[in-house]
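What follows is a short report on a single structure.
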Amino acid sequence: MKSFESRRAVLSSEKTEGRVAPVPAAPTSREAALQRMEARLNQSPRVVAQAKLSASLSGRDASAPIQRVGGPKFGLRPAEGADGSEGLVRLTAAYAAYKEQVRNQKQMARAAFTGHEGDHGAQTVYSQALAAAELTSDGLMGALGEGFTRGEDGLISHGGIAVASLLTGDDAYEEVEEEGLAQPVYKKHTLEGLSGKDYVRVHGAYLRRMAYRGITPPERKAYQEGEALRPLNDGPDARVQGQMGYTFKESGVAKERSRKPQPGDDDKERQTDLEWAQSHFNDELESFEDDEQLLSFLQTRKGVGKLLSARSTKKPITSNAGKGFSGFGEVTIDLARVPPEWIFHHYAEGGFDAGALAGLLGKDHVPGALRWEVDRANETVLRNREIVLAGIPREAVTRLKDVPSREAYDQEFRRLYAPHYREAYEALVEEATGFQEPAPEPEHIPSPQDHFTQLQARSDLNVAQARAEGRGDARARIDYIDQFLKSYPHAWTQAYEDTLSEEGDWERFDYPEAPKAPRPVSVPSMGEEPDAGVAGKDQGAVEGAAAARAFLARLVEGSRSVEDEGAQLDSGEDEPASKSKSKKGKAKAPKKQQGKKGRGKGHK
């Protein structure tokens, strides 16, 4: 059996059945490349064993079930008393080697696919390779080798001794507590305990909790404004009508897709998704049913902006045309915060059913074109690990990763905006308070959130708005300074008096009344202490105490000079001027204090 055979080759063999086969022509360069790709992917015996999907993709009965990616997931839980046993040690090592083998298989498939992303045949081969390169319970048992057995209850034994339980379905997962979510979170059972990764259960299958999406400029704008991310053609009315969809220029400007044929369109005029369905499946179709599966199928095949697509892998993905999806940024999505009813379809729940879709399209049988399109849609969903959503709540977006062009836009806009903001801010603060202080960096720069070029940054700048924002922030600063200056003087005076009372030498000196509190040299930033009154008290207390200590130090230094003069008299040297005849007079000893201990006259 061939493990991978491109669909085109299968269709070609069907057309020539019953006729004399022509002499095969030499393969084209494209065909040769595909053959080499298939040969590389077919090197693993396990790939050959699991490649039955190839046949199902080349003529599957419309009612036949479509294999999920990798089949049912499984977990492992060590058996009681198996810790440290030879069987568990061997199972752990074999399982690690098996996972590494599958990981290498995926990497090999990805490497072979690189450079052929827009080729239909390569896409089919890659999708089949991914379907085969998945961990399965049967694959694990095959990797364990001799000495291991698995009972009907899933118990894995080694040498007749129970080692671990192989858990499938819901038994492989355990719900964990977490508040404030739209749906429960689960962890998988592993040989080391519960997994580090989180999962959500959607449509009977478990998905990784985190998903990723390359966003459009309007979605970026919605995210920055705190809104949910929505499709451009959102709502039941827009979903059931024919739509062309949109493209985006490098600047981020949306433009409805042109009907003009594009490269690769075989010179055919482009159609709305409804016109496409009419021409392929039912020419009497007037509108679509507002059905999750039908809309998800149309999203996968036509992508006209009625739903949103995400992926479960961090690795970049490409469209059927080989183009990327992250040209305007990427978001990380917490699916546990997405309501289950917002998730319409995903890669792990099984493929689209052609029979069901035929009924939704008004047909009592499955047209051949529909079967082919369903196969193609299922390949795409599998290849891109696609998750189709009606929208994404703002709270479900945990991270936005901007593209370099947007980062350059922000840098250029800030460079142009900041000088006008600072000039207006600083001028108003100085005029109102007398303080000359540099303006802070603006916390919010009101630039359009869906533009992406430096040229746009220059044209988007509104000087009047920048100055108005600067003055607006300056008024908040002025209010802060006013409140600061109201609380500063009293705290300064109080600290000055308290310091003299506690640290002064009242046996030797009598101290004058505290001077008037000076104007502070500077005011702390609002970020250091949000409450201006508290900031004024704190700084006044520190600076008042410092001023008192400086006064005490000068007074002590002056008394030492007087003592030096007395020493000169005792030694017979020239008599200095008497302290009693000095301008200030001799310092008097403090009187007996009334009230607060140590407080000098003039203090209140």
Exercise for the section: Would you check if there is a residue in segment 259-267 being surrounded by 14 or more Cβ atoms within 10 Å (Cβ to Cβ), of a type in the set (G, A, S) and out of contact with any Asp or Glu (no Cβ under 7 Å at 6 or more places or on another chain)? Expected result: no
Practice task
Can you give me the ranges of the strands (runs of 3 or more DSSP E) entirely in segment 199-254 with at least 2 residues that are hydroxyl-bearing (S, T, Y) and at pLDDT below 95?
Solution key: 246-248
Practice task
Scan segment 490-499 and give yes if some residue there is within 21 Å of R220 (Cβ to Cβ) and of a type in the set (V, I, T), otherwise no.
Solution key: no
Problem - A474 vs. criteria open to solvent by less than 40 Å² (accessible area, probe 1.4 Å) and either at pLDDT 95 or above or part of a helix (DSSP H, G or I) (or both) - result: yes
Fill in the blank from the handout: Flagged in segment 151-160 as open to solvent by 20 Å² or more (accessible area, probe 1.4 Å) and within 15 Å of G75 (Cα to Cα), in numbering order, are D153, L155
Handout entry: Hey, G600 in contact with a helix residue (DSSP H, G or I) (Cβ under 9 Å, 6 or more places away or on another chain), at pLDDT below 55 and surrounded by 14 or more Cβ atoms within 10 Å (Cβ to Cβ) or not
Key = yes
Completion exercise
Those residues of segment 427-453 which are in a helix (DSSP H, G or I) and touching an Asp or Glu at 6+ places or on another chain (Cβ under 7 Å) amount to V429
Exercise for the section: State all residues of segment 475-533 that are over 30 Å from R422 (Cβ atoms) and among the polar types (S, T, N, Q); if no residue qualifies, say none. Expected result: T493, Q494, T499, S501
Problem - Which listed residue is closer than 27 Å to P236 by Cβ and not acidic (D, E), from A321, A277 - result: A277
Exercise for the section: For segment 128-150, name all the residues that are open to solvent by 30 Å² or more (accessible area, probe 1.4 Å) and charged (D, E, K, R). Expected result: D138, E146, R150
Handout entry: Unique residue being open to solvent by 40 Å² or more (accessible area, probe 1.4 Å), under 30 Å from F551 (Cα atoms) and among the acidic types (D, E) when the list is E443, E430, E507
Key = E507
Problem - Qualifying residue in segment 376-383 (condition: open to solvent by 40 Å² or more (accessible area, probe 1.4 Å), closer than 30 Å to Q128 by Cβ and not small (G, A, S)) - result: no
Practice task
Look at segment 286-303 and say how many of its residues are assigned to a loop (DSSP other than H, G, I, E, B) and either without any contact (Cβ under 8 Å) to a residue 24 or more places away in the chain or open to solvent by 20 Å² or more (accessible area, probe 1.4 Å) (or both).
Solution key: 7
Fill in the blank from the handout: Of V163, V176, the only residue that is open to solvent by less than 40 Å² (accessible area, probe 1.4 Å) and touching a Gly at 6+ places or on another chain (Cβ under 9 Å) is V163
Handout entry: G196 vs. criteria under 29 Å from M108 (Cα atoms) and open to solvent by 40 Å² or more (accessible area, probe 1.4 Å)
Key = yes
Practice task
Looking for whichever is surrounded by fewer than 21 Cβ atoms within 10 Å (Cβ to Cβ) and either among the aromatic types (F, W, Y) or more than 21 Å from W372 (Cβ to Cβ) (or both) here; the options are K314, K306. Which one fits?
Solution key: K314
Exercise for the section: Looking at (1) closer than 30 Å to G252 by Cα; (2) part of a helix (DSSP H, G or I); (3) in contact with a Phe, Trp or Tyr (Cβ under 7 Å, 6 or more places away or on another chain), find the lone condition where A535 falls short. Expected result: (1)
Problem - Members of segment 395-409 that are β-branched (V, I, T) and either open to solvent by 30 Å² or more (accessible area, probe 1.4 Å) or within 8 Å of the chain's Cα centre (by Cα) (or both) - result: V397, T398
Problem - Residue list for segment 109-126, filter: open to solvent by 60 Å² or more (accessible area, probe 1.4 Å) and either in contact (Cβ under 8 Å) with a residue 40 or more places away in the chain or touching a strand residue (DSSP E or B) at 6+ places or on another chain (Cβ under 6 Å) (or both) - result: R110, H116
Practice task
Filter segment 229-252 for residues that are without any contact (Cβ under 8 Å) to a residue 12 or more places away in the chain and more than 16 Å from E286 (Cα to Cα) and give the result.
Solution key: G235, T247, K249
Problem - Check on G252, at positive phi, more than 15 Å from the chain's Cα centre (by Cα) and surrounded by fewer than 18 Cβ atoms within 10 Å (Cβ to Cβ) - result: no
Problem - Failed item in (1) touching a strand residue (DSSP E or B) at 6+ places or on another chain (Cβ under 6 Å); (2) open to solvent by 30 Å² or more (accessible area, probe 1.4 Å), with G327 passing the rest - result: (1)
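Results for (1) out of contact with any Leu (no Cβ under 6 Å at 6 or more places or on another chain); (2) of a type outside the set (S, T, N, Q); (3) open to solvent by less than 80 Å² (accessible area, probe 1.4 Å); (4) more than 18 Å from A396 (Cβ to Cβ), shown as yes or no for each residue.
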residue: G169; (1), (2), (3), (4): yes, yes, yes, yes
residue: L181; (1), (2), (3), (4): yes, yes, yes, no
residue: K188; (1), (2), (3), (4): yes, yes, yes, yes
residue: T216; (1), (2), (3), (4): yes, no, yes, no
Completion exercise
Q456 vs (1) polar (S, T, N, Q); (2) without any contact (Cβ under 8 Å) to a residue 24 or more places away in the chain; (3) part of a helix (DSSP H, G or I): all pass except (2)
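The values are calculated or read from the model by the stated rules, or taken from the named source; none is laboratory data. Model, not experiment: these values are computed from the prediction. Please note: Cβ atoms are built from the backbone with ideal geometry, for glycine as well, and neighbour counts cover all protein chains shown. For accessibility, only protein heavy atoms count, side chains too; no ligands or nucleic acids. Shrake-Rupley method; radii C 1.70, N 1.55, O 1.52, S 1.80 Å.
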